[in-house]
Amino acid sequence: MFQMSKLYHNFHHTKNSVFSFVFLLPLFLLLLLACNGFSVFYINLSVPAKTSPEPANLLLEILPGDKPVKKLSSSSVMYAVKEENPSLNLKTHLSLLQNPNISMVLKPKKQPHRFSPQTLKALQLRTTKTAKGFTFSTKLRAFFQNSNCKLRFFMTWISSLHSLSHRELLVIESVFKSNPKACLVIVSTSLDSPKGNAVLKPFLNMGFNLITVSPDFGSIFKHTYAETWFNRLKTGNINPGEVSLGQNLSNLLRLVLLYKYGGVYIDTDVIVLKSFNNLSNVIGAQSMKIETKTWSRLNNAVLIFDKHHPLLYKFIQEFALTFDGNKWGHNGPYLVSRVVGRVTNGPEFNFTVLPPPAFYPVDWSRIRSLFRGPNNWIQSDWLRRKLEQIRRQSYTVHLWNRQSKDVRVEEGSIVHHIISDCCIFCNISTSSL
């Protein structure tokens with residue numbers, strides 16, 4: 001009996017041990033698998049000792065009149081690394097990491113920018129000669145010699161003839177009303193045509209010195225920074241961006257025209273109120289800082305400079321070196337603001353920044369107020385005082401066409417009074433403006 005009891009006890013103990021082993025076996029296998037996986041995926045790589053990155057050398061040209069630029073120390077330079085998903089296999093990565101002397105830079109091949117047929121046609125238009133075989137420069141030189149003008153005005157019109165409205169014609173009238181002995185050059189392909197000449201013929205019949213010339217960009221930009229930029233643009237090595245190429249060409253064209261010939265440039269939405277005979281080497285502020293009474297932004301809608309003025313040279317250089325076709329104003333108002341902000345107005349530059357009332361008496365955000373007539377005596381008194389201020393302080397009024405082109409001129413408004421002051425033919429209805 002005792003033997004049977006002992007045998008039963010041993011059997012029961014063995015059964016429990018077997019059950020425990022069967023129960024723990026999966027856990028043991030799982031632990032073994034984990035250790036094996038860790039040994040497979042863990043690789044001890046020898047990486048070169050960490051060294052401080054070396055900042056890139058920036059070559060900054062400092063011309064006379066430039067404010068000195070402080071040199072950045074290595075501690076003030078920030079480095080950013082963008083992580084990309086690996087596209088190479090594991091062996092390639094290991095071989096590169098284990099050999100610090102091997103470096104690989106993957107650079108996508110830059111493709112030339114493709115222009116639309118219309119853009120190519122515009123860029124290649126009149127690249128050699130204008131009408132009757134005269135080059136752009138010879139035609140302008142003959143015009144200036146025969147006209148005996150006291151002041152040279154330049155305008156550009158990059159749109160179609162159909163887009164020319166009574167507003168632009170009023171601007172031309174205002175130029176000759178305030179400066180009857182001036183010469184006006186309108187650089188435009190659409191206006192340099194039989195139909196364009198017919199539109200402007202009334203001015204010629206009145207004896208005003210007016211000429212339209214198609215732009216010969218290759219000739220105009222020659223021997224300036226603009227020439228290299230334009231050649232790169234034509235070959236597709238510069239992306240014109242989302243902003244109108246015509247607008248940016250106009251921004252550059254005005255600078256080069258003044259640099260080569262000297263005179264006055266005005267936009268086609270700038271009404272001239274006074275004679276410019278006493279103005280020389282002038283640019284206007286669009287806005288001012290109230291606290292410091294210094295300008296905060298300049299504008300390039302009105303420019304008055306002598307031939308070969310060094311500030312114009314800097315403007316052209318800035319355009320060519322920092323061109324960005326995707327930012328509105330970057331190559332225009334912001335450009336002149338950047339350059340003037342860097343240079344010191346020493347004797348080698350000799351220019352004047354006039355306060356906003358001179359050329360921009362009303363900011364673009366408030367221009368619609370000039371088109372509204374009075375509804376009560378309070379508005380009537382404000383309009384009267386504002387009109388007197390503009391007549392007293394301003395050489396021009398910028399209508400800011402982008403904001404006001406669809407606004408109707410109301411009877412008794414400031415613009416209505418300005419039209420009466422500046423018109424020559426005075427046969428334009430206010431509703432057409």
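One table, with the values for the structure above:
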| quantity | calculated |
| --- | --- |
| Evaluation of N345 against (1) in a loop (DSSP other than H, G, I, E, B); (2) within 23 Å of the chain's Cα centre (by Cα); (3) within 29 Å of N277 (Cβ to Cβ) (one fails), failing number | (2) |
| Candidate set: the stretch 283-298, residues that are in contact with a Phe, Trp or Tyr (Cβ under 9 Å, 6 or more places away or on another chain) and open to solvent by 10 Å² or more (accessible area, probe 1.4 Å); chosen: the one nearest to M155 (Cα to Cα) | Q286 |
| Among (1) modelled with pLDDT of 95 or more; (2) open to solvent by 50 Å² or more (accessible area, probe 1.4 Å); (3) not in a helix (DSSP H, G or I), the one test that V397 misses | (2) |
| Condition met for E318 (among the charged types (D, E, K, R) and either touching a residue at least 40 places away in the same chain (Cβ under 8 Å) or farther than 24 Å from V256 by Cβ (or both)) | no |
| Subset of the stretch 229-287 (residues that are under 18 Å from L399 (Cβ atoms) and of a type in the set (D, E)) | D267, D269 |
| Search result, residues across the stretch 299-335 that are of a type in the set (V, I, T) and either assigned to a helix (DSSP H, G or I) or open to solvent by 10 Å² or more (accessible area, probe 1.4 Å) (or both) | I316, T322 |
| Filter result for L210 (surrounded by fewer than 18 Cβ atoms within 10 Å (Cβ to Cβ), touching a strand residue (DSSP E or B) at 6+ places or on another chain (Cβ under 7 Å) and not acidic (D, E)) | no |
| Unique match (being closer than 24 Å to V243 by Cβ, open to solvent by 60 Å² or more (accessible area, probe 1.4 Å) and without any contact (Cβ under 8 Å) to a residue 60 or more places away in the chain) among R338, R342 | R338 |
| Any hit, the stretch 370-386, residues being under 26 Å from S337 (Cα atoms) and surrounded by fewer than 20 Cβ atoms within 10 Å (Cβ to Cβ) | no |
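Listed here are the residues, each with its yes/no results for (1) touching a residue at least 60 places away in the same chain (Cβ under 8 Å); (2) surrounded by 17 or more Cβ atoms within 10 Å (Cβ to Cβ).
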| residue | (1), (2) |
| --- | --- |
| S137 | yes, no |
| A142 | no, no |
| Q145 | no, no |
| F154 | yes, yes |
| W157 | yes, yes |
| S165 | yes, no |
| E173 | yes, yes |
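The values are calculated or read from the model by the stated rules, or taken from the named source; none is laboratory data. Note that this is a predicted model, so its numbers are computed, not measured. Ideal geometry is used to build each Cβ from the backbone, glycine not excepted, and the neighbour counts take in all protein chains shown. SASA here: full protein model, heavy atoms, side chains in, ligands and nucleic acids out. Shrake-Rupley method; radii C 1.70, N 1.55, O 1.52, S 1.80 Å.
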